Amino acid sequence: MTVFRSYMDLALDEARAAADRGEVPVGAVLVSPTGVVVARNGNRTRERHDPTAHAETLVIRDACVALGTERLTDHDLYVTLEPCPMCAAAISFARIGRLYYGAADPKSGGVAQGARVFSHPQCHHVPEVYDGLAAGEAEALLKTFFALKR
């Protein structure tokens, strides 16, 4: 019997580090089928002057380079916030096996909200999706970050 182990705590650490850098506090961790953390990162759009430098895309890029492949089949991706449509498409293109995310994103989400990328017939790969993991803590990070900006 396999026991589930969440890596959302590491994703939350990455989100906190992103907030400390002045980035929107979103963190992501990619885990191999054997439970090895392959890549972890937080948002870096401002730091890199790159609108695509979301935590998910950075982790996918780093993992693909580290593993020498463009496919991350059977890997698990943990993200503190529901991926946007761009990131959901990247998750599909990378063939990630399972997506775990914390807070829902009614404004910019692309999985359960908004575009619902995985439900489109053009989506060639749909990961297993598990939402609400550590959602309260992820939401609190985001609310605190934006409250301090206003």
Report the Cα centroid-to-centroid distance between segment 7-27 and segment 54-107 in angstrom, as an integer. 15 Å
GNM result for the chain, Cα springs below 10 Å: residue of Leu77, Leu30, Leu58 fluctuating most strongly: Leu58
Computed label-point distance, nm, for sites Ala147 and Thr69 using a 7 Å Cα→Cβ extension: 4.4 nm
Calculate the radius of gyration of the Cα atoms of segment 47-110 to one decimal place, then report Dmax, the largest Cα-Cα distance, as a whole number, both in Å. 11.6, 35
For segment 1-123, what proportion of DSSP beta bridges, expressed in % and rounded to the nearest 5, is antiparallel? 65 percent
Share of the chain's accessible area from carbon and sulfur, percent, 1.4 Å? 55 percent
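Which loop trypsin sites (Lys or Arg not before Pro) in segment 1-88, with loop taken from DSSP, have no more than 16 other Cβ atoms within 10 angstrom of their Cβ? All intermediate terms of the calculation are to be shown ahead of the outcome.
On the way: sites: Arg5, Arg16, Arg21, Arg40, Arg44, Arg46, Arg48, Arg61, Arg71; in loops: Arg5, Arg21, Arg44, Arg71.
Counting only loop positions with at most 16 other Cβ atoms within 10 Å, the trypsin sites (Lys or Arg not before Pro) in segment 1-88 are Arg5, Arg21, Arg71.
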Which GluC sites (Glu not before Pro) does segment 3-85 hold that lie in a coil by DSSP with at most 15 other beta carbons within 10 Å? Glu70
Neighbour-limited loop hits for chymotrypsin sites (Phe, Trp or Tyr not before Pro), segment 1-79 (at most 11 other Cβ within 10 Å; DSSP other than H, G, I, E, B): Phe4
So what is log10(I(q)/I(0)) for the chain at q = 0.08, 0.16, 0.18 1/Å, when the Debye sum runs over its Cα atoms only? -0.19, -0.79, -1.01
Which FRET efficiency value, to the nearest 0.05, is calculated for Asp9 and Gln113 with the Förster distance at 22 angstrom and r the Cβ-Cβ distance? 0.35
What does the helix-only formula give at 222 nm for the chain: each DSSP H stretch with n ≥ 4 adding -39500 (n - 2.57), the total divided by the residues, and the result rounded to the nearest 500 deg cm²/dmol? -11000 deg cm²/dmol
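The values are calculated or read from the model by the stated rules, or taken from the named source; none is laboratory data. Predicted model only: the values in this text are computed from it and were never measured. Here the Cβ is made from the backbone with ideal geometry for all residues, glycine too, and neighbour counts use every protein chain on show. The protein model used for the area step is the full one, side chains on, heavy atoms only, and it has no ligands, DNA or RNA in it. Shrake-Rupley method; radii C 1.70, N 1.55, O 1.52, S 1.80 Å.
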